[in-house]
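The values are calculated or read from the model by the stated rules, or taken from the named source; none is laboratory data. Here the structure is a predicted model, which means the values were calculated and not measured. Here Cβ is always computed from backbone atoms with ideal geometry, including for glycine, and neighbour counts include all displayed protein chains.
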Amino acid sequence: MSKRAGLLLFAAFAALFLTVNRDAYRGYFQDDEIDNLSWTPYLGPLDFLKGAATPRFQANNFRPVGHYYFHAVEEIAGLDFRVYVAVLHGFHLLNVWLLWLVARRLGAKPFAAAAACLFFGLHMALFDNFWKPMYVFDVLCASFCLLSLWCYASERWVLSFVAFWLAYKSKELAVMLPVVLMAFEIWFGKRRWKPLAPFFLTSLSFGVQGILGNPNQDNDYTFRFTAAALAKTSEFYAGRIFLIPYLGFLLPAFAVLARNRRTWFGLAAMGLFFFPVLFLPGRMFSAYCYLPFAGLAIAITGLAEEASPAALGLFLALWLPMDIHELRLRRRDTLAADAEVRTWMSTVRRFAAGKERVDAFVFSGTPAGFHQWGVEGTLKYFYERNGLTVKHIGDPDAAALIESRRVAVLTWDAGRKRLDIAMRGPGSY
């Protein structure tokens with residue numbers, strides 16, 4: 001395929017992707033995103049650089065590469081959600097291009113590589129990765145993992161290692177990349193193990209630090225190395241692969257149907273990248289499929305070359321309706337939830353612009369799915385200070401706080417989708 005034809009094909013895909021996901025630009029922030037925006041603007045570039053360079057495990061869950069996205073975009077666009085989505089889409093389209101490069105480097109024919117890119121690029125199990133800035137960590141981790149794999153396959157060892165390091169600094173899932181690179185050496189390389197040494201030593205260091213320094217004890221972020229946890233997570237992620245419950249358990253059959261190294265390597269990469277999240281039953285999210293699905297897409301390049309046109313047509317006939325159905329459901333629910341948060345935050349912004357003195361905040365009710373850290377993040381963002389006192393109306397000391405200090409009481413009316421803010425306490429009217 002000529003470069004011109006490749007560019008036209010990529011431009012056509014980009015137009016299709018942006019058309020399908022155009023409503024993402026109508027969305028708005030959720031609690032995790034506004035929580036990040038409440039503190040990342042107050043760090044300097046040197047803070048992110050130090051975080052990216054340090055070999056120490058970040059117990060506070062600081063992911064400098066991903067968090068810098070919030071810092072940089074906020075500096076340019078403030079709370080203009082469309083800009084955040086546009087940058088997120090740019091990274092995703094970059095990943096589609098990187099996937100193409102990796103697939104072609106592994107020997108995939110243009111048609112097979114294009115089929116894999118289409119599957120990965122439009123898969124609605126990855127809806128949140130396309131629509132929600134919070135999942136930029138997964139998207140960037142995939143960017144650097146794919147770049148590292150391509151550089152490694154091109155024997156650019158140093159660049160590959162730098163990309164691996166940045167992938168880990170985007171999200172810890174990249175700790176499995178050295179094993180993926182070892183699989184590449186087995187099926188595609190020259191069985192040279194020395195270049196892998198720095199990757200494995202770094203991965204081992206971060207892995208040991210993560211286990212010993214993990215501050216999460218007996219909560220949703222705690223690894224559960226049990227059969228029950230594995231059964232629960234496997235069922236969930238298997239249902240995400242083709243958007244039909246349990247159908248993903250048929251994936252091992254692909255290794256038999258397509259007896260080529262790309263299918264074996266892609267399935268191995270998918271399994272390795274899935275491995276850590278399979279033991280986190282308290283944190284099951286469809287967006288976590290993003291990096292593993294890059295491996296699945298590579299496996300599909302082998303299937304696409306082996307399958308007949310009729311088989312490919314049947315697969316599309318079964319998968320596309322499910323994909324469109326998933327998009328419609330997620331789009332409706334997401335836009336409805338985002339509209340409530342937009343109303344809530346806009347009301348807080350107008351109140352903050354009034355410059356009324358407030359000693360503390362008490363809130364009663366929030367938009368659906370909007371947690372307390374989102375409330376606190378919003379108030380810190382608009383009031384530009386830490387140490388704010390924020391209490392839920394049900395907290396034992398909330399009533400005493402209202403009696404003794406000037407308190408802004410934020411009351412969310414779920415029926416009318418409206419936020420009312422009233423001043424209470426000494427000196428209020």
Just to verify a result, which residue in segment 78-114, among those that are small (G, A, S) and within 17 Å of the chain's Cα centre (by Cα), is nearest to P309 (Cα to Cα)? G90
Tell me whether segment 59-72 contains one or more residues that are more than 30 Å from R342 (Cα to Cα) and either at pLDDT below 95 or out of contact with any helix residue (DSSP H, G or I) (no Cβ under 7 Å at 6 or more places or on another chain) (or both). yes
Using beta carbons and a limit of 8 Å, which pairs, at least six apart or on different chains, have the first residue in segment 332-352 and at negative phi and the second one surrounded by 13 or more Cβ atoms within 10 Å (Cβ to Cβ) and polar (S, T, N, Q)? A337/Q30; D338/Q30; V341/Q30; W344/T366; W344/T378; M345/T378; V348/T378
Within segment 134-142, identify whether any single residue is surrounded by fewer than 18 Cβ atoms within 10 Å (Cβ to Cβ) and modelled with pLDDT of 95 or more, and answer yes or no. no
The number of residues in segment 162-195 that are surrounded by fewer than 19 Cβ atoms within 10 Å (Cβ to Cβ), without any contact (Cβ under 8 Å) to a residue 40 or more places away in the chain and out of contact with any Lys or Arg (no Cβ under 7 Å at 6 or more places or on another chain) is 9
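Table: residues versus (1) over 23 Å from I241 (Cβ atoms); (2) in contact with a Lys or Arg (Cβ under 6 Å, 6 or more places away or on another chain).
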| site | (1), (2) |
| --- | --- |
| A317 | no, no |
| I324 | no, no |
| R342 | yes, no |
| D359 | yes, yes |
| F363 | yes, no |
| A368 | yes, no |
Residue set A294, A310, A317; condition assigned to a helix (DSSP H, G or I) and in contact (Cβ under 8 Å) with a residue 40 or more places away in the chain; output residue A294
Identify, by number, the condition in (1) in a helix (DSSP H, G or I); (2) under 26 Å from the mean Cα position of the chain (by Cα) that G282 doesn't meet. (1)
Can you say whether V179 is in the same structural domain as T202 (by TED's automatic domain parsing) and within 25 Å of L79 (Cβ to Cβ), as far as the supplied structure shows? no
Return yes or no: is F249 within 30 Å of F315 (Cα to Cα) and at pLDDT 95 or above? no
What number of residues within segment 221-275 satisfy the criterion of being within 25 Å of the chain's Cα centre (by Cα) and either aromatic (F, W, Y) or within 16 Å of S286 (Cβ to Cβ) (or both)? 26
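Hey, among S205, S160, which residue is out of contact with any strand residue (DSSP E or B) (no Cβ under 6 Å at 6 or more places or on another chain) and under 26 Å from C289 (Cβ atoms)? Show your work before the answer.
Working: S205 fails: under 26 Å from C289 (Cβ atoms).
Result: S160 is the single residue among S205, S160 that is out of contact with any strand residue (DSSP E or B) (no Cβ under 6 Å at 6 or more places or on another chain) and under 26 Å from C289 (Cβ atoms).
Based on what the data block shows, is F130 closer than 24 Å to G6 by Cα and surrounded by fewer than 18 Cβ atoms within 10 Å (Cβ to Cβ)? Walk me through it before giving the result.
On the way: closer than 24 Å to G6 by Cα: yes; surrounded by fewer than 18 Cβ atoms within 10 Å (Cβ to Cβ): no.
When the stated conditions are applied, F130 does not pass them.
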Taking the condition crowded, with 22+ Cβ neighbours inside 10 Å, more than 21 Å from L8 (Cβ to Cβ) and touching a His at 6+ places or on another chain (Cβ under 7 Å), does F70 pass? no
Identify the residue in segment 166-176 that is at pLDDT 95 or above, within 15 Å of F62 (Cβ to Cβ) and assigned to a helix (DSSP H, G or I) and, among all such residues, is nearest to the chain's Cα centre (by Cα). Y168
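Residues of segment 380-404 being of a type in the set (S, T, Y), modelled with pLDDT of 90 or more and part of a helix (DSSP H, G or I), which ones?
Start the filter on segment 380-404 by keeping residues that are of a type in the set (S, T, Y), which leaves 381, 383, 389, 404.
In the following step, the residues that additionally are modelled with pLDDT of 90 or more were identified as 381, 383, 389.
Residues satisfying the conditions are Y381, Y383.
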Can you run down the residue pairs with Cβ atoms below 7 Å, 6 or more apart or on separate chains, where the first is in segment 379-405 and of a type in the set (D, E) and the partner is modelled with pLDDT of 90 or more and surrounded by 14 or more Cβ atoms within 10 Å (Cβ to Cβ)? D397/K391
